[in-house]
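The values are calculated or read from the model by the stated rules, or taken from the named source; none is laboratory data. Remember, it's a predicted structure, so these values are computed and weren't measured experimentally. Reconstructed Cβ throughout: ideal geometry from the backbone, glycine too, with neighbour counts over all protein chains shown.
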Amino acid sequence: MIEATSQIVPTLLLTGPPGAGKTTIGAEISTLLHDPPVPHAFIDLDMLSWCFPPPRNDRFQQKLALRNLRDVWKNDATAGATHLVIARVLESRDELEGYAWAVPKAAITVIRLSAPIDILQDRLWHRYSGLGAARDATWHVERAAELAPLMEKEAVEDLLVETDGRTPREIAQEIIASCGWPRF
């Protein structure tokens, strides 16, 4: 086991608008890192910040997410994780300061997942249609329409990866290879 902050932590931060595939691709990267084994953690920050009602002055629960990430990463590192994969919307590179606080010694590579807006919206309607969550679908579709052009303009990424028409495995393999992470 390692101390939580004793070494550089190779970290992939998967970002993109809703429907881009952050959680799906993060899970696939995690699967590929099982063989050969790379000690790692995959953390979907949306799950660590799921709190209702949202804390005041924290619209997307980012402060809560980062506090929880800090604690969960300490536990994961103590358990032996040396690499980290995070799924979360990143609107500005200025937000990386919070991630550096939450994961000391993180060497963060930002991967922006992208797809045409109509594909994002189709994915989101499909995701929520069976859940009877039309309100959630509408919110996510509107958020995707807001974020997609913002992310194009801001170009927060170190690597841009198109997800349309590709399998999660193909995308995950590209990311791992492009970032120089251990081979799968």
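What to note about this one:
- Leu66 fulfils the conditions (1) outside any loop (DSSP other than H, G, I, E, B); (2) touching a Gly at 6+ places or on another chain (Cβ under 9 Å); (3) in contact (Cβ under 8 Å) with a residue 40 or more places away in the chain; (4) not charged (D, E, K, R) except for a single criterion, (3).
- Restricting Ala27, Ala20, Ala107, Ala81 to those that are under 16 Å from the mean Cα position of the chain (by Cα), part of a loop (DSSP other than H, G, I, E, B) and of a type outside the set (Phe, Trp, Tyr) reduces the list to Ala20.
- Selected residue (criterion: nearest to Thr11 (Cα to Cα)) from residues of segment 30-56 that are touching a Lys or Arg at 6+ places or on another chain (Cβ under 8 Å) and among the aliphatic types (A, V, I, L, M): Leu45
- When Ile119 is tested against (1) modelled with pLDDT of 95 or more; (2) among the β-branched types (Val, Ile, Thr); (3) touching an Asp or Glu at 6+ places or on another chain (Cβ under 8 Å), just one condition goes unmet, and that condition is (1).
- When Thr167, Thr138 are checked against the criterion of being over 29 Å from Asn75 (Cα atoms), surrounded by fewer than 15 Cβ atoms within 10 Å (Cβ to Cβ) and at pLDDT below 90, Thr138 stands alone in meeting it.
- The selection criterion, being under 30 Å from Thr167 (Cα atoms), surrounded by 14 or more Cβ atoms within 10 Å (Cβ to Cβ) and polar (S, T, N, Q), does not hold for Ser92.
- Selection from segment 133-178 of residues that are among the hydroxyl-bearing types (Ser, Thr, Tyr), farther than 21 Å from Phe42 by Cβ and not in a helix (DSSP H, G or I): none
- Residue within segment 110-130 that is in contact with a Gly (Cβ under 8 Å, 6 or more places away or on another chain), of a type in the set (A, V, I, L, M), surrounded by 19 or more Cβ atoms within 10 Å (Cβ to Cβ) and part of a loop (DSSP other than H, G, I, E, B) present: yes
- Taken together, the criteria exclude Ser49 from residues that are touching a His at 6+ places or on another chain (Cβ under 7 Å) and of a type in the set (Gly, Ala, Ser).
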